[in-house]
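In what follows, a structure is listed as structure tokens, so that the remarks can point back to it.
The values are calculated or read from the model by the stated rules, or taken from the named source; none is laboratory data. All of these numbers come straight from a predicted model, not from anything done at the bench. Every residue, glycine as well, gets a Cβ built from its backbone with ideal geometry; the counts of neighbours run over all protein chains shown.
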Amino acid sequence: MNPLDHGQALYTRRQFFGKSALGLGTAALASLIGKEAWAAASAMPSMRHGVPGLPDLPHFAPKAKRVIYLFQNGAPSHVDLFDYKPKLRQMHGQQIPEAVLGGKRFSTMLDGQTARPVLGEITHFAQHGKSRAWVSDFLPQTAGIVDDLCFVKSMYTEAVNHAPAITFLLTGSEMPGRPSMGSWLTYGLGSETEELPAFVVMTSRDKEASCGQIFYDFYWGSGFLPTKYQGVNFRGSGDPVLYLSNPEGMSRAVRRGLLDDLAQLNEINQQDFGDPEIATRIAQYEMAYKMQASVPELTDFSQESEATLAMYGPEVRRQGSYAYNCLMARRLAERGVRFIQVMHAGWDQHRNLNTQLKIQCDDTDAPSAALIRDLKQRGLLEDTLVIWGGEFGRTPFLQGKIEDTKQWGRDHHPYGFTVWMAGAGVKPGLCYGSTDEFGFNAVDKKVHVHDLQATILHLMGVDHERLTYKFQGRHFRLTDVHGNVVRDLFA
Amino acid sequence: MCPVWSSSRFAFALALGVVASRAETVDFKRQILPILSDACFRCHGPDGEKRKAKLRLDEHDGLFRTVDGLTVVAPGQPTESELIFRITDADPEEVMPPSDSTRQLTKTEIELLRTWVKEGAHWERHWAYVAPQRPEVPAVTEAAARKRVHNPIDAFVFTRLAKEGLTPAPEADPATLLRRVSLDLTGLPPTPAELDAFLADEKPDAYERAVDRLIASPRYGERWAWDWLDVARYADTSGYQGDPDRTMWPWRDWVVNALNANLPYDQFSLEQLAGDLLPGATTEQKLATAFHRNNMFNGEGGRIDEETRVENIFDRVESTATVWMGATFTCARCHDHKYDPFTQRDYYSLFDVFNQMSETGRGGNGQIPPVLDLSTAAEKAAVAEAQARLGATAKEVDDFEWKKFARAPGKPLTESDADKLPGNLPRYIARTEPRKRTVDTLLEAVRYFQANDPAYAAVLEKLLSAVRVKDEAAGRVTRVMVMDQIKQPRETVVLAKGNYEAKTETKAWGAVPAIFRPAAGAFAAGERLNRLDLAKWLVSPSNPLAARTAVNRAWQSFFGTGIVKTAEDFGVQGEPPSHPELLDWLATEFVGSGWDVKALHRLIVTSSTYRQSSRVSPEMAERDPSNRLLARGPRHRLPSWMLRDQALAVSGLLVEQRGGPAVKPYQPAGIWEEATFGKKTYQQDHGEALYRRSLYVFWRRIVGPTTFFDAGVRQVCSVKLAHTNTPLHALVTLNDPAFVEAARVMAQRVIAESSGDDARIEQAFRLATARAPTREEKGILRGRLKKLRVEYAAEPAAAKALAATGEAVRPADLDPIEHAAWAGVCLLILNLDETLSKQ
């Protein structure tokens, strides 16, 4: 926060303490401090409650106040799920034309396989809703909400391996070390809540553990931004936030008493030393105490109706499942969390497309669709942006042998894939852009990863070229030196 | 607090300060060059390929040239200067920077530029690329301040303060000072005995002798190793998929020993960069080169070896540039630097130096050749034993399987037979010999068969555990990854956009960056430099940055912020030094002393500048929030690793065993499992290993130790310290068993060592803060103690639980209620801002 304003706030606080001495409950005092430390912030345009962002943000009126990114880690097969290409069935088993392949590189998983036979979709496609969007029968619930979705079918990216591609999508760079999208947005826009972290990450994987992708912490790292902007990874078991629970044998009442005295003793030291950091520390301890109450309340689903729970599917009560995380995402959105990154691993079907794709879809279809329906019925979809998608697509040709149907697979494919968006500011029922007749290269209205990033930032009221941070002498930004806002996606 | 804003605001204040103090001229280096760089160099700077209108403003000739009758800058004549004309042009098509640029000039900046031209347009090269000249130590004129000058540091700082109309703060009281310097030099607080001795020492050099004692302590090397481990991106695993364990700890111990032995910084650098190439290199010198094998290593399935190899070299080039040149080389990987005079050729010249080792990019374990074998007989015996156990278990599995899969005993199924089985997993299992199976597949297999063949799953689980034991034993055999040199040098070419596949025709060979060549003498004679040559140049007088970056990092560790705040960037886009003469004086002093690190640290901590009280008035807190002017002593929250060490020390739990393999203290259950899908299990240590210093805590790269916050991530080279302040940090020091156990053991200590509530409160308070509590403070703590007694008397089970936190023994005869009440008080004391801070 602004040091001058902070100084002002301090001064008032000291006077306040001086007058009221220790008459009042210190708890009440301490919570006042918490509020007051952010008092200057409330005057700023970018926030009313919570934690302030930068003074000149948002750059323009935002359509979305928060983002839920449903990240499908491992890369779902666009040609089996959304990008219907009759040509694939027609040419099933035949070589994909060289002109389409164009000597492009793939992962070394394909080393030793020179054949590139077309693999027809293993699913059945149909058109749905008023928008007549193509969705495969593996995703019946998603098919039911297509008129709320905005499909981008012409995505493309740079990297051919998971970690670099995910890092690229989330941080704008293939190499780890840059701030992730959530860090940029919370740095720029601050938070609407004091009681929960502004940027929350939740991870899950498929039940069968069919692929071993790891969730690296740089997927939600703050890079060179201060570490307070890094995503807080809610754990899939035990306390969602590390060290949230009081130690065994210390009740909330005992803790309250300790914190009251701690605040009082720190205040004495503050009067002696005058360091404004001490006041911040008092406020942060108070916030920690609040978080100890707000997180358990957050994870308590007992007030959710049976209908709501049923919508998310049977796994919703299992902490650490995708369904659980989707419901948590809605609850976090309600409580003012700025950026919610839900990551689900299990889409990497190199050799088990016929068995695993269905399982992934079963795990994720209902919860993803339920989240959209749930946000909508609560009026939250109006200012919440939801994005569903992976780090790239999968090859329209086969990895494996055509006669070995059990081991059919598709390799990594950065040249064309599909994501969908929904909610604040995006046009519902739109199918934007397209790939070629093989689903191979994005050809019409191509959307690069940097374009997607620029677009997300724009919906949040942020000009991607103006949200910068100077590090190592350069003004860095999420989109590096690229990115065009795809205005055609806006409602 | 938002450090970003406060810093930019203060940078502005600093600049204004300069204007006010020398109203007669604009300072090119500090006021003009940063504007030109930030607003113009992007298109009119060092990057030849992207340069617009062939106009170059970062070099003298470009800035002052005349083309077609137009002079870019005409000294003394703003109206004749095209530069001034263009930045004030009313035509939006013509104005510079272009009207759609995100960087626009402010009115103040335009005025500064105009004034600079009017005053004669004095130009000089960016300070960092000119060798430091030893400045004269200024005379402090103000009498009171003059008396306080203890060494030249003070002369520089105090004259600057005088210019600002400020005076230094009084000296901190002795107890505060001893705590501050003990934490800074050894990472541990003073013991009560040390404190008593110091307070009783009335000799005038009491402080200096305390400093000497601390610097001579072996704890000194353990404290300072931490900062270097951040620089070196040291960790106990490789990172990325699989995140295999490494045995790099002998290098960590090398660093501790080198620091304790006060190995001169030039030699310290030489040995780590090229110890293997020194004539008659010793094992220790070869071990030192593990420095550049501490980078992450991507062994992800599907990776292309060459891509990994090239990325590793990128990391080495860029880390080297950051540490010894304060240069941000990453930009030059793909194109000439936009702001600093480094070309892409320069980048690949350094690349060539690191391109000559035998690493291939292949390999997925944590001991990728070349390695230095430091294994012991015991380690090898453990592997042999584990192999034997695995053999026996594999036999059991085989006995089970040849019935299950109908195959010959001792022989796996052939591929075609295996393919007849349903599912991928049984197929894999059946055609792989039991002893050759991996943890990953066995994990899957156990899960898979648990449902349909529990007896088989049980056998496989046994095998899994035997494989794990074998892997672990093999992983513990000490082999340290080090550098080597191939005989037939590789040819290096510039890679377009840094893409390992996009080889250009442009060759590059080992050379000093062009900007430094004019001063580099023999290093610039045109011979292809190898690693040793480069290392020698880096610590030679012709590199103007090795000493500056080193003293700046030291300064940052003591004062929280470097003299150059952007410790990672000394280039034109970095922040100019707050005290340029002091920086150069320290740099030349450091080199003159024979790169004596301990002498440098001694010089800093014995200065009056360092010894000032850290009390701050509201006016100064407002005027200089981050204390860049140094009108007071440093005050910061301690690094999180030091907080843990401090808690261990004050409770008496600390076990001071030095060196050896990493240890695994408390960590919440499931952290590794969740991050690695159950492939890695955290096996917490017990006994003394729980209480070793943080330096020795095992660092899994993809999910670092949970006790530490604001720490370097140990993924890439990090030279910057973080001091953020969040609720999550409070949760650690309030609830992490490491801290709660320390509090309850600290309670045991004060109960045993003092008698009566007052004495115990005093002892606990003094252990943590090095001072006695005031009456008011004592009153609050006594009140809390009484309440806690009441609360715990009502909840005896809770008392028992709290008093039993952790694995340390507790006296059986100690009343749990009394113990818990005191544990609460001690936990409170450990969380005082004063305890958490260096004050």
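Can you confirm whether A:LEU262 is of a type in the set (A, V, I, L, M), closer than 17 Å to A:PRO197 by Cα and within 7 Å of chain B (Cβ to nearest Cβ)?
So A:LEU262 fails the test.
When both residues are 6+ apart or on different chains and their Cβ atoms are under 7 Å apart, which pairs have a first residue that lies in the range B:452-463 and is touching a residue at least 40 places away in the same chain (Cβ under 8 Å) and under 18 Å from B:LYS679 (Cβ atoms), and a second that is among the small types (Gly, Ala, Ser) and in a helix (DSSP H, G or I)?
That search, which allows pairs on different chains as well, returns B:LEU460/B:ALA445; B:LEU463/B:ALA394.
With the requirement that a residue be under 22 Å from the mean Cα position of the chain (by Cα) and of a type in the set (D, E, K, R), what does the range B:603-638 give you?
Correct list: B:ARG628, B:ARG635, B:ARG637.
Being buried (at least 21 other Cβ atoms within 10 Å of the Cβ), in the same structural domain as A:VAL146 (by TED's automatic domain parsing) and at pLDDT 50 or above is the requirement here; does A:LEU57 meet it?
For A:LEU57, the condition - buried (at least 21 other Cβ atoms within 10 Å of the Cβ), in the same structural domain as A:VAL146 (by TED's automatic domain parsing) and at pLDDT 50 or above - is not met.
Please find, among B:GLY652, B:GLY660, B:GLY633, the residue that is more than 30 Å from B:PRO250 (Cα to Cα) and modelled with pLDDT of 95 or more.
Result of the check over B:GLY652, B:GLY660, B:GLY633: B:GLY633.
Do we find a residue being outside the structural domain of B:ALA711 (by TED's automatic domain parsing), in a loop (DSSP other than H, G, I, E, B) and either at pLDDT below 95 or surrounded by fewer than 23 Cβ atoms within 10 Å (Cβ to Cβ) (or both) anywhere in the range B:580-592? Quick ask: steps written out before the conclusion?
First, the residues of the range B:580-592 that are outside the structural domain of B:ALA711 (by TED's automatic domain parsing): B:580-592.
Going one step further and asking which of them are in a loop (DSSP other than H, G, I, E, B), we end up with none.
Looking through the range B:580-592, none of the residues is outside the structural domain of B:ALA711 (by TED's automatic domain parsing), in a loop (DSSP other than H, G, I, E, B) and either at pLDDT below 95 or surrounded by fewer than 23 Cβ atoms within 10 Å (Cβ to Cβ) (or both).
Going through the range A:403-421 one residue at a time, which ones are touching a Phe, Trp or Tyr at 6+ places or on another chain (Cβ under 7 Å) and either over 29 Å from B:TYR428 (Cβ atoms) or within 11 Å of chain B (Cβ to nearest Cβ) (or both)?
Selection gives A:ASP411, A:HIS412, A:TYR415, A:GLY416, A:PHE417, A:THR418, A:VAL419, A:TRP420.
Just to be sure before I move on: is A:LEU457 modelled with pLDDT under 95, out of contact with any strand residue (DSSP E or B) (no Cβ under 9 Å at 6 or more places or on another chain), crowded, with 24+ Cβ neighbours inside 10 Å and not in a strand (DSSP E or B) in the structure I sent? Write out each step before concluding.
Numbers: modelled with pLDDT under 95: no; out of contact with any strand residue (DSSP E or B) (no Cβ under 9 Å at 6 or more places or on another chain): yes; crowded, with 24+ Cβ neighbours inside 10 Å: yes; not in a strand (DSSP E or B): yes.
No: the conditions fail for A:LEU457.
Hey, which of the helices (runs of 4 or more DSSP H) in the range B:792-839, taking only ones fully inside, have at least 3 residues that are surrounded by fewer than 21 Cβ atoms within 10 Å (Cβ to Cβ) and either within 11 Å of chain A (Cβ to nearest Cβ) or more than 30 Å from the chain's Cα centre (by Cα) (or both)?
Output list reads B:796-803.
Check whether at least one residue in the range A:192-213 is in a helix (DSSP H, G or I), of a type in the set (Ser, Thr, Tyr) and either within 9 Å of chain B (Cβ to nearest Cβ) or touching a residue at least 12 places away in the same chain (Cβ under 8 Å) (or both), and report yes or no.
Looking through the range A:192-213, none of the residues is in a helix (DSSP H, G or I), of a type in the set (Ser, Thr, Tyr) and either within 9 Å of chain B (Cβ to nearest Cβ) or touching a residue at least 12 places away in the same chain (Cβ under 8 Å) (or both).
Check A:PHE224, A:PHE234 and return the single one that is more than 7 Å from chain B (Cβ to nearest Cβ), hydrophobic (A, V, I, L, M, F, W, C) and in contact with a Phe, Trp or Tyr (Cβ under 9 Å, 6 or more places away or on another chain).
Numbers: A:PHE234 fails: in contact with a Phe, Trp or Tyr (Cβ under 9 Å, 6 or more places away or on another chain).
Going through A:PHE224, A:PHE234 in turn, just one is more than 7 Å from chain B (Cβ to nearest Cβ), hydrophobic (A, V, I, L, M, F, W, C) and in contact with a Phe, Trp or Tyr (Cβ under 9 Å, 6 or more places away or on another chain): A:PHE224.
B:VAL446: closer than 24 Å to B:GLY366 by Cα and modelled with pLDDT of 80 or more, yes or no?
It is false that B:VAL446 is closer than 24 Å to B:GLY366 by Cα and modelled with pLDDT of 80 or more.
Of the numbered conditions (1) out of contact with any helix residue (DSSP H, G or I) (no Cβ under 7 Å at 6 or more places or on another chain); (2) facing chain B (nearest Cβ under 7 Å), A:SER294 fails exactly one; give the number of that condition.
If we test A:SER294 against (1) out of contact with any helix residue (DSSP H, G or I) (no Cβ under 7 Å at 6 or more places or on another chain); (2) facing chain B (nearest Cβ under 7 Å), just (2) comes out false.
Among the residues of the range A:320-376, what is the count of those that are in a helix (DSSP H, G or I), among the polar types (S, T, N, Q) and at pLDDT 95 or above?
Quick first cut of the range A:320-376, residues in a helix (DSSP H, G or I) only: A:322-334, A:353-376.
Of the ones still in play, those that are also among the polar types (S, T, N, Q) are A:325, A:354-356, A:360, A:364, A:368.
Still in the list and also at pLDDT 95 or above: A:325, A:364, A:368.
Matching residues across the range A:320-376 total 3.
Test A:ALA369 against the criterion of being touching a helix residue (DSSP H, G or I) at 6+ places or on another chain (Cβ under 6 Å), assigned by TED's automatic domain parsing to the domain that holds A:GLY120 and crowded, with 24+ Cβ neighbours inside 10 Å, and give yes or no.
yes
When B:GLY783 is evaluated against the numbered criteria (1) surrounded by fewer than 18 Cβ atoms within 10 Å (Cβ to Cβ); (2) part of a loop (DSSP other than H, G, I, E, B); (3) within 10 Å of chain A (Cβ to nearest Cβ), which criterion, by number, is the only one it fails?
Just one mismatch for B:GLY783, condition (2).
Considering each residue of the range B:732-778, count those that are under 29 Å from the mean Cα position of the chain (by Cα) and assigned to a helix (DSSP H, G or I), and give that number.
Within the range B:732-778, residues that are under 29 Å from the mean Cα position of the chain (by Cα) and assigned to a helix (DSSP H, G or I) number 14.
Residue-wise test of (1) closer than 17 Å to B:PRO98 by Cβ; (2) among the charged types (D, E, K, R); (3) surrounded by fewer than 20 Cβ atoms within 10 Å (Cβ to Cβ).
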{"residue": "B:ILE35", "(1), (2), (3)": "yes, no, yes"}
{"residue": "B:HIS44", "(1), (2), (3)": "yes, no, no"}
{"residue": "B:GLY48", "(1), (2), (3)": "no, no, yes"}
{"residue": "B:ALA53", "(1), (2), (3)": "yes, no, yes"}
{"residue": "B:ASP61", "(1), (2), (3)": "no, yes, yes"}
{"residue": "B:VAL67", "(1), (2), (3)": "no, no, yes"}
{"residue": "B:LEU70", "(1), (2), (3)": "no, no, yes"}
{"residue": "B:ALA74", "(1), (2), (3)": "no, no, yes"}
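When B:THR308 is evaluated against the numbered criteria (1) in contact with a Gly (Cβ under 8 Å, 6 or more places away or on another chain); (2) part of a helix (DSSP H, G or I); (3) more than 14 Å from chain A (Cβ to nearest Cβ), which criterion, by number, is the only one it fails?
B:THR308 satisfies every listed condition except (3).
Is there any pair linking a residue in the range A:135-147 that is at positive phi to one that is at pLDDT 95 or above, with Cβ under 9 Å and at least six apart or on different chains, and which?
Correct list of pairs: empty, since none qualify.
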